[in-house]
Amino acid sequence: GLEILEELPTVDTVVIPYGGGGLSSGIASALRALKPDTKIFACEVETAAPLSAALKSGRPEAIDYRPSFVEGIGGKSVLPEMWPMVSCLLDGALVVSLAEIAEAMRLLIKKNCVVAEGAGAASLAAVLSGQAGKGKIVCIISGGNIDFAKLAVILNGQIP
């Protein structure tokens, strides 16, 4: 959060991949303290979106989980220890499809020569889908740990 504000003090929105909640709560804590009007969204994949479900119901609950090539985010439920923090710090959770994430991965490679795993590209997918709104938006792109065979499938325009 501090680094974001140093580089772009006028940021409007930050989108963060949501795995266990540590990255999201850390970034959001700094932003809430220093620029509380910043919109802060977590992003999840459609096959595993426990935070979105918890925010809708008001409490963590088990969800249907389907494994996918997006391995670094999502899960069966929000960690109970993280719920009090993330439910207060985040403005919401944006859910993206496997196809949107694959397209974001291709775009990162084509335009920026950045190889990001599915979880890392989820924030860009959320922004490209229009869910994050308009203005000065920061996407947290994290993680480059993807199986080469799966990446090859994605680069060929398919979903592994």
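The values are calculated or read from the model by the stated rules, or taken from the named source; none is laboratory data. Please read all numbers here as calculations on a predicted model, not as lab measurements. Glycine also receives a Cβ, built like all others from the backbone with ideal geometry; neighbour counts cover every protein chain displayed.
Which of the following residues is surrounded by fewer than 16 Cβ atoms within 10 Å (Cβ to Cβ), modelled with pLDDT under 95 and not β-branched (Val, Ile, Thr): Asp64, Asp37?
Exactly one of Asp64, Asp37 is surrounded by fewer than 16 Cβ atoms within 10 Å (Cβ to Cβ), modelled with pLDDT under 95 and not β-branched (Val, Ile, Thr), namely Asp64.
Name every residue in segment 128-149 that is at pLDDT below 95 and surrounded by 15 or more Cβ atoms within 10 Å (Cβ to Cβ), in order of residue number.
Across segment 128-149, the qualifying residues are Ser142, Gly143, Ile146.
Run down Gly72, Gly26 and say which single residue is surrounded by fewer than 21 Cβ atoms within 10 Å (Cβ to Cβ), closer than 15 Å to Ile140 by Cβ and at pLDDT below 95.
So the residue among Gly72, Gly26 that is surrounded by fewer than 21 Cβ atoms within 10 Å (Cβ to Cβ), closer than 15 Å to Ile140 by Cβ and at pLDDT below 95 is Gly72.
Output the number of residues of segment 46-75 satisfying the condition of being under 20 Å from Glu117 (Cα atoms) and part of a loop (DSSP other than H, G, I, E, B).
14
Taking Val95 as the residue in question, decide whether it is free of Cβ contacts under 8 Å to residues at least 60 places away in the same chain, outside any loop (DSSP other than H, G, I, E, B) and surrounded by 21 or more Cβ atoms within 10 Å (Cβ to Cβ).
Numbers: free of Cβ contacts under 8 Å to residues at least 60 places away in the same chain: yes; outside any loop (DSSP other than H, G, I, E, B): yes; surrounded by 21 or more Cβ atoms within 10 Å (Cβ to Cβ): yes.
Here the answer is yes, as Val95 does meet what is asked.
Kindly indicate which of Ala125, Ala104 is modelled with pLDDT of 95 or more, crowded, with 19+ Cβ neighbours inside 10 Å and in contact with a Leu (Cβ under 8 Å, 6 or more places away or on another chain). Walk me through it before giving the result.
Numbers: Ala125 fails: in contact with a Leu (Cβ under 8 Å, 6 or more places away or on another chain).
Answer to the selection: Ala104.
Which residues, taken from segment 107-122, are surrounded by fewer than 23 Cβ atoms within 10 Å (Cβ to Cβ) and under 20 Å from Gln158 (Cα atoms)?
So the first thing to find is which residues in segment 107-122 are surrounded by fewer than 23 Cβ atoms within 10 Å (Cβ to Cβ), and the list is 107-115.
Leu107, Leu108, Ile109, Lys110, Lys111, Cys113, Val114, Val115 - these are the residues of segment 107-122 that are surrounded by fewer than 23 Cβ atoms within 10 Å (Cβ to Cβ) and under 20 Å from Gln158 (Cα atoms).
Give me the pairs, please: first residue somewhere in segment 36-51 and in contact (Cβ under 8 Å) with a residue 12 or more places away in the chain and over 13 Å from Thr13 (Cα atoms), second residue anywhere and assigned to a strand (DSSP E or B) and β-branched (Val, Ile, Thr), beta-carbon distance under 7 Å, and either six or more positions apart or on two chains.
Glu44/Val95; Val45/Val96; Glu46/Val95; Glu46/Val96; Ala49/Val95
Answer yes or no: is there a residue in segment 10-20 that is without any contact (Cβ under 8 Å) to a residue 40 or more places away in the chain and either buried (at least 21 other Cβ atoms within 10 Å of the Cβ) or more than 12 Å from Gly92 (Cα to Cα) (or both). Spell out the reasoning first.
Of segment 10-20, the ones without any contact (Cβ under 8 Å) to a residue 40 or more places away in the chain are none.
No, segment 10-20 has no match at all.
Out of (1) more than 17 Å from Cys43 (Cβ to Cβ); (2) in a helix (DSSP H, G or I), the odd one out for Ser123 is which?
(1)
If we keep just the residues of segment 52-92 that are among the polar types (S, T, N, Q) and touching a residue at least 12 places away in the same chain (Cβ under 8 Å), which is nearest to Val153 (Cα to Cα)? Lay out the reasoning, then the answer.
So the first thing to find is which residues in segment 52-92 are among the polar types (S, T, N, Q), and the list is 52, 57, 68, 77, 87.
Applying the additional criterion that residues be touching a residue at least 12 places away in the same chain (Cβ under 8 Å) yields 52, 68, 77, 87.
Numbers: Ser52: 28, Ser68: 13, Ser77: 29, Ser87: 36 Å.
Among them, the one singled out is Ser68.
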